[in-house]
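This report refers to the structure that appears directly beneath it.
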Amino acid sequence: MEDQHSELKRESQITELEMEDQHNELKASLHVSLRELYGQDAQFRNFQLEAMLSLAEGVDTLLCLPTGTGKSLIYGLPPVALGPGFFSVVVTPLIALGKNQVRSLADELEVDARLFTNSSCTPEEQKKMAEDLKDEDGSIQVLITTPETLARNQLLRDALSIASDAGKLFCIAVDEAHVAHQWGHDFRPAYALLAETLQIIDRTRVPIYACTASANRDAQDAILETLSMSLNAARFVASADRPEIQLSVVYKELLDKNERDPVAKEMAAFITDDSCGLIYCRTKSTCDAVAKRLQCIEGLEERVGTYHADLDQRIRERNQAAWEEGDLNVLVCTVAFGLGVNKSNVRWVLHYDPPGDLADFYQQVGRAGRDGELARSVLFVSHEEVAKGKRYGGMRGMDDYVYGGSCRRKVLTSFFGAAKSCSGLDSQFKCDVCLKTSRLNEALDRIERLAAENAEGRTPANEVKRPLGDPSPLKPLRPAVLRKLGSPSNNTNTSTNGSNANAKVLALAPDSSLRAAFVSPWKGGGGGGGGGGDTGTKERQ
């Protein structure tokens, strides 16, 4: 009996060693591909490697990282590393965003990415792509589509079902995953039905990868539920802090009432010859009105454009292109603009009025400062606007941000789970509260009587982590991944730390900074094969 127990223990140890070898082999392959693209000094940034390993093990994965930190690498690099015939599918909310993603993947990762939608592809193009997806040696590495096309295009559905059964699919990525539960309930029913649509895929073979820059704990849970992701899904959550963005608020009640249009005058001061910015408005009519006011100011006639859903598509595309190329200094836009826009030198984001909640605000502010240089966020707001929004059930978190009197950076990051204040930042990066400007003190004194005491909607400063699943450090890689690597390896490799791929919640330390990652996207931000280096801490549940 003792001999039998020893034999079983030895077999278990061998299995663990084999799994570790498999992971090391996959890590090595991913590192080689990364360095071929970005040079020998390139390292993975926070959670990129862990997320790819999690998906390779077949674990549904949710990734919450700030804008511009490389979420697309997770679905784009594995097909490159694992060779022909392996591909990822990306569900994108907007066709325009899908087109940008195709260009970005081709330019940055040298990936063969294609956009497959009912409106942007001819029947012949669709047929050709569908055949490529089924081909064992197909060339497509990332296929981008919309939830509507995925639900209705039988040619695509049949091709993906066959590819899934053949073990060719690395993952189904849902980009900007926060819109899945927001838009699905409002005006995009295909998002609400996405989990049902994906029943064509063998979910035991193909994991879901949901990625977003703006999701607090409640939103994360809603994403998992909407997409029917596993309750034991891996969650990788980084601090929401964007230290290069200086945050401030301007109270409309305190602007000079003798001015004909004091808000427009304040905003106009940001528009200079070499500046680039965005002005967000809650409604399309406000968007048009603000743009017209700015265009009436001498010198700004040709510098201001608009972008919202009621504009003709050709006008929207023309204005966006002019802004991206620098022919327009500013776009006055609604929430319809911005998803996936990758312009690095946006120096300021202004809000003419408060957005629906703090998550929307953070998503829009995140368009600024992607080059790591100083950028500004200025919210123009009145007590009446906040009160009206609250009457209609909105403004979640905004009251604290506007009237709380605490560090705005801390309020904003606490909303997403891990508090980070302005402490330790140079003065140019500190929010207006921490700078204690005379204007702010005056504002809070005069508006205090108008703002009701607000204790609702506050989020604990630290991520609440619950124990999830099996604590074992490794799971076997999916058979489809192993086939691409060769066969299950029994070579002896140097040991590197494996990821906890079953039901993990990882969070950056509250006092850590992603600032270096914004300055140097691929070099020196890692710390080797661990994927996170010293920029974060890992907690195994």
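Read-outs throughout are calculated quantities, based only on the coordinates presented, and are distinct from any laboratory measurement. Every value quoted in this text rests on a predicted model; they were computed, and no experiment measured them. Using ideal geometry, Cβ is built from the backbone for each residue, glycine included, and neighbour counts are taken over all protein chains shown.
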Could you work out the relative contact order of the range 245-447? I mean the mean sequence separation of Cα pairs under 8 Å and 6+ apart, divided by the number of residues, in percent. 25
For Val249, list long-range residues whose amide hydrogen, built 1.01 Å from N in the peptide plane, is under 5 Å from its own amide hydrogen. Leu379, Asp432
Non-local residues with an amide H under 5 Å from the amide H of Arg235, with H modelled 1.01 Å from N and Pro and chain starts lacking one, are Leu62, Lys504, Val505, Leu506
Viscosity 1.002 mPa s, temperature 20 °C: give me the Stokes-Einstein translational D for the range 221-279 in µm²/s, with Rh taken as the Kirkwood radius over C-alpha pairs. 131
Relative to the compact-globule scaling 2.2 N^0.38 Å, provide the ratio for the alpha-carbon radius of gyration of the range 245-447. 0.99
Residue-span extension gain [Arg260 to Leu231] - 0.36 nm each, minus C-alpha spacing: 4.9 nm
Per the Debye formula with a single identical scatterer at each Cα and no solvent contribution, what log10 I(q)/I(0) holds for the range 169-295 at q = 0.09, 0.10, 0.22 Å⁻¹? -0.47, -0.56, -1.27
To the nearest 20 debye, the range 327-391 has a Cα-centred charge dipole, built from +1 on Lys and Arg Cβ and -1 on Asp and Glu Cβ, of 60
Efficiency of FRET from Cβ geometry, Glu110 and Ser275, R₀ 35 Å, rounded to 0.05: 0.60
Using per-residue counts of other Cβ atoms within 10 Å, averaged over each peptide, order 352-359, 225-232 from highest down. 352-359, 225-232
Give the distance, in whole Å, between the Cα centre of the range 241-259 and the Cα centre of the range 34-67. 37
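In nm², what is the average projected area of the convex hull enclosing the Cα atoms of the range 64-172?
Answer in nm², one decimal: 6.6.
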With a ≥ b ≥ c taken as the square roots of the eigenvalues of the C-alpha gyration tensor of the range 304-376, please select rounded if a/c is under 1.5 and otherwise prolate if a/b is larger than b/c or oblate if it is not? oblate
Residues of the range 110-146 with amide nitrogen under 13 Å from the 7 Å Cα-to-Cβ point of Gln313? 117-122
Contour excess over end-to-end distance, with Cα ends at Ala321 and Leu37 and 0.36 nm allotted per residue: 99.5 nm
What length, rounded to one decimal in nm, is gained on full extension from Arg391 through to Arg205, with 0.36 nm per residue of separation minus their alpha-carbon distance? 62.3 nm
By the mean-Cβ-within-10 Å protection proxy, highest first, 306-316, 40-50 rank as 40-50, 306-316
Sort 124-132, 59-67, 360-368 by packing, meaning the average of other beta carbons within 10 Å per residue, with the highest value first. 59-67, 360-368, 124-132
Please work out the FRET efficiency for the pair Glu16 and Glu301, using the Cβ-Cβ distance as r and a Förster radius of 51 Å; give the result to the nearest 0.05. 0.15
Using label points projected 7 Å from each Cα along Cα→Cβ, tell me how many nm separate Ala28 and Ala336, to one decimal. 5.3
Scalar couplings 3J(HN,Hα) for the range 47-56 by Karplus 6.51 cos²θ - 1.76 cosθ + 1.60 (θ = phi - 60°), nearest whole Hz, x for Gly and Pro, are 6, 5, 5, 4, 5, 5, 5, 4, 5, 5
